[in-house]
1. Suppose we keep just the alpha-carbon trace of the range 66-145; what are its Rg and Dmax in angstrom?
2. Looking at the range 121-199, which GluC sites (Glu not before Pro) are DSSP coil and have at most 13 other C-beta atoms within 10 Å of their C-beta?
3. Which residue, chosen from V150, G197, A214, occupies the Cα position most advanced towards the positive end of the dipole of the range 139-227, where the dipole is computed from +1 (Lys, Arg) and -1 (Asp, Glu) charges on Cβ about the Cα centre?
4. Hey, which aspartates and glutamates would be in cross-link range of K319, C-alpha to C-alpha under 15 Å, not counting anything within fewer than 8 residues on its own chain?
5. Highest mean first, what order results for 269-278, 324-333 on Cβ atoms within 10 Å?
6. Would you please give the residues with an amide H less than 5 Å from that of A279, counting only those at least 5 places away or on a separate chain, with H modeled from the backbone geometry?
7. If amide hydrogens are placed 1.01 Å from N in the peptide plane, which non-local residues have theirs closer than 5 Å to the one on G90?
8. I'd like to compare 175-181, 103-109: which one has the highest average count of other Cβ atoms within 10 Å, and what's the full order after that?
Amino acid sequence: MNASAPTPTSAETLRTALGGLLGGIPPKQASAAVERLIASYRGRTPTDAPVLRDRSDVAAYAAYRMPATFEAVRSALDGLAEAAPGWVPGSHVDVGGGTGAATWAVDATWDGPRPTTVLDWAEPALALGKELAAASTSPALRGADWRRTVIGAGMALPEADLVTVSYVLGELTAQARTAVVAEAARAGQAVVLIEPGTPEGYLRIREAREQLIAAGLRVAAPCPHDGACPIEVGQDWCHFSARVSRSSLHRQVKGGSLPYEDEKFSYVAATRFPVEPAASRITRRPQIRKGLVLLELCGPEAEGLTRATVTKRHGDLYKAARDADWGQAWPPAE
């Protein structure tokens, strides 16, 4: 009897679904939309209108951004899952979810069906997201509720175990941004916010982190504490990196030939229930030297930012340091 084929991962299923839906889009049309989207996502001018305007925009977004957003959100969710190892969200609301990358990431992080609601103000994005979800074998994705909603002041979220807001805050005015974070804090037992790993994206996360703490939530990740961020604004910024496998379609739309890229992102995960944050967090790619590894760490509030030098004399800890990655907790769990 032949062994059954391995079950495709969520990332593989998503890439297949994207290829099937977007294979007929003219490359020039998709590339033009990508250029406009790059300008929007890297710009500093917030708006009160959706960035994704029509089907071609949504197609370009899905090919250009969805795999990277999926990996960034999944990395952030891993931080929450590590801090709350016994917790599984029974419901999920994705604010500004667009084509549903964060919803796919939640499904890849925790098993089991759950009521899932994706909210966005761009109807074309919701329509394509629903099409992509229909290609999944996941009950949570296939059964998700896709709702058109204005993202900003006055919005009302359904209460949920988990609320995600990914790559949205930078599109909003300051007033709308504050309102969205406040409503996420009210509605969610856990809130995960993700922004681009730029100085501006970090500042939005830093501001939102302070707002979540003031609303009574505790930080689960990436920070080891609920105190003030030790980074001096203007001197550095907190961000992490997720490796993204690039499909041929992705490479065609974005250009370039490498089979992967690194997505930089900033995030905060906060909860209304007890969590066990990392003792310290690796905040830069480890520097491996002959016989030693240098780790940049964010530690307990009293310690702030520190550098650890791990040498061969540290035995198993040295082996762990050589295998350690940017964004991981330190020291490793025993």
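Nothing in this text is a laboratory measurement; each read-out follows from the coordinates by a stated rule. Keep in mind the model is a prediction, meaning the values are calculated, not measured. Cβ sites come from the backbone with ideal geometry, for glycine too, and all protein chains shown count toward neighbours.
1. 12.0, 37
2. When the GluC sites (Glu not before Pro) of the range 121-199 are filtered for loop state and at most 13 Cβ neighbours within 10 Å, E159 remain.
3. Ranked along the dipole, the leading option is V150.
4. K319 reaches E334.
5. 269-278, 324-333
6. Those qualifying (amide H under 5 Å, at least 5 residues apart or on another chain) are W330.
7. Residues meeting the amide H criterion: D161.
8. 103-109, 175-181
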